[in-house]
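Remarks on the structure that follows.
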Amino acid sequence: MFFTDSAFIGISPNSGHKSFTYAALDKDLSLVALADGELDDVAAFVAGQNSATVAVNSPAGLNRGLVRDAVKSKMLTPYQIRRTELRLAEYELRERGIAVTKTPASADLCSAGGQAGFELYRKLEKIGFQKYPEKDSTSQVLETNSHACYCVMAGHAPLARLSLEGRLQRQIILYERGLRIKDPMDFFEEITRYKLARGIWPMELLYQPDQLDALAAAYTAWQTVHKKESVSVIGDPKEGFVVLPEKELKEKY
């Protein structure tokens, strides 16, 4: 599916292998695409848009030692030194109580999902996407972190993303933000004593965890264009900025 207007696309590498889940919203926050695909599939979808802002739920850069350099003058134990092996954006999020994965200094040490993310950024750059914020570009790409997005939108750490409760919570957060997606409360309307007794759950009314991650990223991409005063950018350009869909961040989540 291709847009005549701007598309707001969220892409999340799938855990353990080199495929992706992507979601696309239009300017009215209607969900117009939600699918899985390999790198070339995703790149073809993105390249076919008239204009697009893409948010990727994966690191855009490696750890360049900025955190370690900032504290190198202190006397650190080996354990404390290991704690500095992360990017500045990740350090800032962890200081706020948001548990995010550390990015190593070498791509070879990254997870399969992280390496797939780097390949995606390179692919998007080749087809003309520029790093956010680029004022005059109609094709921009930015890094976000879906878990951190849900934390800042909820005001606290959400429930586990793989759990039923965590999926419901994330879907409610997005629905209340105005995304035109399935109403998560319909899930409860479909539950009856009869169905519960037989183990029949209306799971088709809920999105999968990877889909919810992609949707949070797509919403963040939309925010950077339609409510740019309501986003925050943390980190350093040497390692990559992380964009979040809230302007004011709490000290602790």
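Every read-out reported here was derived from the displayed coordinates using simple, explicitly stated rules and does not represent laboratory data. Note that this is a predicted model, so its numbers are computed, not measured. Virtual Cβ from ideal backbone geometry, glycine too; neighbours counted across all protein chains shown.
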Restricting attention to segment 194-234, which trypsin sites (Lys or Arg not before Pro) occupy a DSSP loop and are surrounded by at most 11 other Cβ atoms within 10 Å?
Arg198, Lys227
Compute the long axis of helix 209-226 from its Cα atoms, compare it with the longest principal axis of the Cα atoms of the chain, and write down the angle in degrees, 0 to 90, nearest 10.
70 degrees
Enumerate by residue number the GluC sites (Glu not before Pro) in segment 207-253 meeting two conditions: DSSP loop (anything except H, G, I, E, B), and at most 13 other Cβ atoms within 10 Å of the site's Cβ.
Glu248, Glu251
Directionally averaged projected area (convex hull, Cα atoms, the chain), nm²
15.1 nm²
Note: Lys18 to Trp201 extended length (0.36 nm per residue) minus current alpha-carbon separation gives 62.8 nm
Give the relative contact order (percent, whole number) for the chain; include only Cα pairs under 8 Å separated by 6+ residues.
27 percent
When the helices in the chain are scored as -39500 (n - 2.57) per DSSP H run of 4 or longer and the sum is shared across all residues, what 222 nm value do you end up with, to the nearest 500 deg cm²/dmol?
-10500 deg cm²/dmol
When Phe129, Phe118, Phe8 are arranged by how many other beta-carbons sit within 10 Å of their Cβ, fewest first, they go Phe118, Phe129, Phe8
Inter-label distance, nm, simple model (7 Å from Cα along the C-beta direction), Leu39/Ala70
3.1 nm
Mind giving me the FRET efficiency for Thr192 and Ser163? R0 is 30 Å, r the Cβ-Cβ distance, nearest 0.05 is fine.
0.85
Provide the per-residue ³J(HN,Hα) series for segment 184-201, in order, calculated from phi with Karplus coefficients 6.51, -1.76, 1.60 and θ = phi - 60°, each as a whole number of Hz, with x at glycine and proline positions.
x, 6, 5, 4, 6, 5, 8, 8, 10, 4, 4, 5, 4, 5, 9, x, 9, 10
On a 24 Å Cα-Cα criterion, which of the cross-link pairs Lys27/Lys131; Lys18/Lys252; Lys135/Lys238; Lys18/Lys227; Lys18/Lys247; Lys182/Lys228 come out too long?
Lys18/Lys252; Lys18/Lys227; Lys18/Lys247; Lys182/Lys228
Ranking of Phe241, Phe20 by count of other Cβ atoms within 10 Å, fewest first:
Phe241, Phe20
